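A short write-up of the structure that comes next.
The values are calculated or read from the model by the stated rules, or taken from the named source; none is laboratory data. Fair warning: this is a prediction, and the values are worked out from it, not measured in the lab. With ideal geometry, Cβ positions are generated from the backbone for all residues, glycine too; neighbour counts draw on all protein chains shown.
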Amino acid sequence: MSMQPFEPSSLPRDMMIPLMNRHSLPKDYYIPFEGINGYYWEWNHTIRAYVLRWSPIQGEYSPPLLTRGIQCRIIPYKTNNSNIPISVLIGKDGYHFKQISKLSNTPYIFYVKSAQLIEFWGFPACIDHAIQLFNKHIKHWEQKKQISNT
């Protein structure tokens, strides 16, 4: 069983970790990385070694903690103080967050309900772009709401 990694989160070559006895396992064997959600081992045919990869798990908190260069920026979003519910901003099955993530090349965006915070995980320039897109998205929904109220 082989999983396709989310490309922007690919680990740098120096993070690739070969297994000592790589011939004992099939080449496309799936090895879960215990303890951190979203990480798994994948056989790389080019370098003939297993590589630690990351792919987000939908609906679960699984940020790219081990990926070099990735940072987290947190912005508060209080649903009590806003006219737009967070569910509308996230979209059905995370559609809007996925679109913002794809357009900004930010590998991970997650809303932490208990703390009412949005976490943006990625490289600094990508996070800046993602936050700009998110703010545009909020303004779009605020304008839509104003038009429907008049």
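List pairs: first residue in segment 120-132 and at positive phi and among the aromatic types (Phe, Trp, Tyr), second residue modelled with pLDDT of 95 or more and surrounded by fewer than 18 Cβ atoms within 10 Å (Cβ to Cβ) anywhere in the structure, Cβ distance under 7 angstrom, at least six positions apart or on different chains.
Within 7 Å, no pair qualifies.
Within segment 22-40, is even one residue at pLDDT below 60 and in a strand (DSSP E or B)?
Checked segment 22-40: at least one residue is at pLDDT below 60 and in a strand (DSSP E or B).
Name the residues in segment 43-52 that are part of a strand (DSSP E or B) and at pLDDT 80 or above, would you?
Trp43, Asn44, Ala49
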